[in-house]
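Just below is one structure, and these are the notes that go with it.
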Amino acid sequence: MAVALCLPLSAVAQTPVEVAPGVYALIADLGDVSPDNRGVVGNAGFIVADRAVLAIDAGVSYRFGERMLAAIGVVSPNPVQLVVLTDPIQEFHFGAPAFQDRGIPVLAHRDAADLIARRCATCLAKLRVTLGDDEMARSRVVVPDRLIDASTTLQVGDRNVDVVYLGGGAAPGNLAVLDRRSGVLFAGGLVSLGRIPRLRDGDLQVWIDALKGLEALPAKWIVPGHGPVATPTAARQTLAYLVALQDKVTALYAQGASLPVALQSADLPAFRTWSLYATLHTENVQELYLRLERADLRRDRP
């Protein structure tokens, strides 16, 4: 229900918040991965139908996947039919093997699965260093059981659920999940509220276009990948940040500013209060500046 908007964020996201009848969110910490938050920095959720449950994202570790399954079991005795991974970034998928080991298949976009296969062994090794072997015990790189290349509709018991692909954006293979009955949209990594989104794996223009595409969906509530449950118009905050980043860095680059000058001058005061502004915004400025520089070099080649 609407009360989800005013509940505090949970550092370990163990208590499901009912966003609408039968639709629940597990709201994570807004900070970076740390032992204090057990790496739980990406939201997850689930949809309860009359005979089955659909899980959306699976968290940062096998242990989180187990906790998520336990939380689902408290809410409903129905079996989990499927897990949909909305994003290939580490905080959304290392818990998926906990579902697979119980015979529950995992769905992802093909591009997301490719990125996970190419890079996530390194991510897992770093998480073991940060969080410890105990917290990351049994965690492994997930190999999705089902791959999609385009939007699709799932029949989950008596509910129709749309898995929406808008070209990626925040990372290859980004998906959103819309429960038609309730109008709850799980936006995954496409939407970040109160926390600076990370450009590293994203295509900035595709991401901007994808956020505009989300506005066309008949959503009543939005569960972002990072941040609290909100009304759909809140996604415009993420869009505003990305557009401001694009405009600021592009202008500085066009003026001939060096990278150090750009890093000092690309402040966006409207977003200073967002979590990880000092680190992620600086990282985003550098990433975009270097992309512009590489594009210029390619154009200059004979």
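The values are calculated or read from the model by the stated rules, or taken from the named source; none is laboratory data. Since the model is a prediction, treat every value here as computed from it, not as a measurement. FYI the Cβ positions are ideal-geometry reconstructions off the backbone, even for glycines, and counts take in every protein chain you see.
Things worth noting here:
- Residue count for segment 226-250, restricted to those that are within 18 Å of the chain's Cα centre (by Cα) and not hydroxyl-bearing (Ser, Thr, Tyr): 13.
- Residue 256 falls short on exactly one of the conditions (1) over 18 Å from residue 87 (Cβ atoms); (2) touching a residue at least 24 places away in the same chain (Cβ under 8 Å); (3) surrounded by fewer than 21 Cβ atoms within 10 Å (Cβ to Cβ), and that condition is (2).
Yes/no per residue for (1) of a type in the set (Phe, Trp, Tyr); (2) under 19 Å from the mean Cα position of the chain (by Cα); (3) part of a strand (DSSP E or B); (4) not assigned by TED's automatic domain parsing to the domain that holds residue 112:
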{"residue": "190", "(1), (2), (3), (4)": "no, yes, yes, no"}
{"residue": "199", "(1), (2), (3), (4)": "no, yes, no, no"}
{"residue": "224", "(1), (2), (3), (4)": "no, yes, yes, no"}
{"residue": "252", "(1), (2), (3), (4)": "no, no, no, yes"}
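- Where residue 18 falls short, out of the listed (1) closer than 30 Å to residue 279 by Cα; (2) acidic (Asp, Glu); (3) in a strand (DSSP E or B): (1)
- Restricting segment 36-53 to residues that are β-branched (Val, Ile, Thr) and assigned to a loop (DSSP other than H, G, I, E, B), the residue that is surrounded by the fewest Cβ atoms within 10 Å (Cβ to Cβ): 41
- Positions within segment 240-279 being touching a strand residue (DSSP E or B) at 6+ places or on another chain (Cβ under 9 Å) and hydrophobic (A, V, I, L, M, F, W, C), in sequence order: 274, 276
- Selected residue (criterion: nearest to residue 196 (Cα to Cα)) from residues of segment 259-290 that are of a type in the set (D, E, K, R) and in contact (Cβ under 8 Å) with a residue 60 or more places away in the chain: 283
Results for (1) of a type in the set (A, V, I, L, M); (2) under 20 Å from residue 31 (Cβ atoms), shown as yes or no for each residue.
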{"site": "256", "(1), (2)": "no, no"}
{"site": "262", "(1), (2)": "yes, no"}
{"site": "281", "(1), (2)": "no, yes"}
{"site": "284", "(1), (2)": "no, yes"}
{"site": "287", "(1), (2)": "no, no"}
{"site": "291", "(1), (2)": "no, no"}
{"site": "294", "(1), (2)": "no, no"}
{"site": "298", "(1), (2)": "no, no"}
